[in-house]
């Protein structure tokens, strides 16, 4: 039975991407690899029409968290004053990174799943001279999509730079790359781009890369990676097989209509899931209008544990995702990323109805 991943990455791969990841043995010091690297960098810039004379797509080996850490370690000067926005696990992770790198920072904290209060954000920016705001775009703790355009506008009004964790939104949601406040965006291959784990990227304005910040990390220093990539080189062993897979996945993204079409497809599938769950009396955790296209969260059905729901669906070939922290006993999450066909969705609907019927 084909297994379908409904967790927020890694995703179910297309056959072509799966073949590409293991289709050839490639040395990372040969021109063939640098041709591949150049193609991937160009394709990443093209997703959101980022001009190459303004933006760099910097590839690193690692997870989405590696991209977040590289972004913060490389682009925040020692005298930065940072405001971290927290309304879930990944906002808290950004704050932990600020603590580890001993950056001056404050957090604007909201309950997990709550909206970012833009009035409170404006007040914080007016009260203190923050140099940077760091925010999560899609907070997968609950599926909430934070208002990045509004956040960027407030940052611009207060002459503050914005660094964005778009690890689970890049490639499917609108991102304000044209907004001058936005300086960098962390992303990964194995979520909306439909590649495999092991390759991450940070989209950086050239001005952010060229600040001359004292190096804090050997292997996560973005200017080092960017310099070598511009020279058709690499400072360390890159994620070669993940790069091979991503090159194919980016071709598929373009052929399927780009990020707008991908987000539309995700939403269509999410509404199908929501419809069958609603028919069984399962309520969404957040309104659809406040949720991303990528992932939705739902109340656990009365009288059913997450383990029973998870294991029942897994027997039918579907892997869902638990809540985190205090939400583990209250909600479950379903992501509609990845190579999921209409036939897969029909089978999922039938599986949900069967498992919930007991």
*If you count the DSSP beta bridges with both ends in the range 108-204, what percent of them are antiparallel, to the nearest 5?*
45 percent
*Among (i) 27.4; (ii) 20.9; (iii) 22.1, which one is Kirkwood radius over Cα pairs in Å computed from these coordinates?*
(ii)
_Which of rounded, prolate or oblate describes the range 249-292 when judged by the alpha-carbon gyration tensor and an a/c cut-off of 1.5?_
prolate
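Can you tell me the mean projection area, over all orientations, of the convex hull of the range 269-347's alpha carbons? Units nm², please.
Mean projected area of the Cα convex hull: 5.3 nm².
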*What whole number of Å gives the distance from the Cα centroid of the range 158-229 to the Cα centroid of the range 238-293?*
21 Å
_Which residues does the label zone of residue 111 cover in the range 326-353, counting backbone N under 18 Å from a point 7 Å along Cα→Cβ?_
326-332
*What fraction of the DSSP beta bridges in the range 15-255 is antiparallel, stated in percent and rounded to the nearest 5?*
45 percent
*Going by the alpha-carbon gyration tensor, a ≥ b ≥ c the square roots of its eigenvalues, is the range 152-258 rounded (a/c under 1.5) or, if a/c is not under 1.5, prolate (a/b greater than b/c) versus oblate?*
oblate
*Tell me, 332, 236, 110 in order of fewest to most beta-carbon neighbours within 10 Å?*
236, 110, 332
*For q = 0.27 Å⁻¹, what log10 I(q)/I(0) does the range 134-214 give under the Debye formula with an equal point scatterer on each alpha carbon and no solvent?*
-1.33
*asked:* Tell me the relative contact order for the chain as a rounded percent, counting alpha carbon contacts under 8 Å between residues six or more apart.
replied: 25 percent
*Ranking 154, 59 by Cβ neighbours within 10 Å, fewest first, what do you get?*
154, 59
*Between residue 179 and residue 118, 0.36 nm times their residue separation minus their Cα-Cα distance comes to what?*
20.2 nm
*Among 155, 128, which comes first, second and so on when ranked by fewest other beta-carbon atoms within 10 Å?*
128, 155
_Just to verify a number: FRET efficiency for residue 30 and residue 2, C-beta to C-beta distance, R0 = 41 Å, to 0.05?_
0.70
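Every number in this text was worked out from the coordinates using simple rules, so none of it is lab data. Because the structure is predicted, anything quoted here is derived from the model rather than measured. Positions of Cβ are generated from backbone atoms using ideal geometry, with glycine treated the same way; all protein chains shown enter the neighbour counts.
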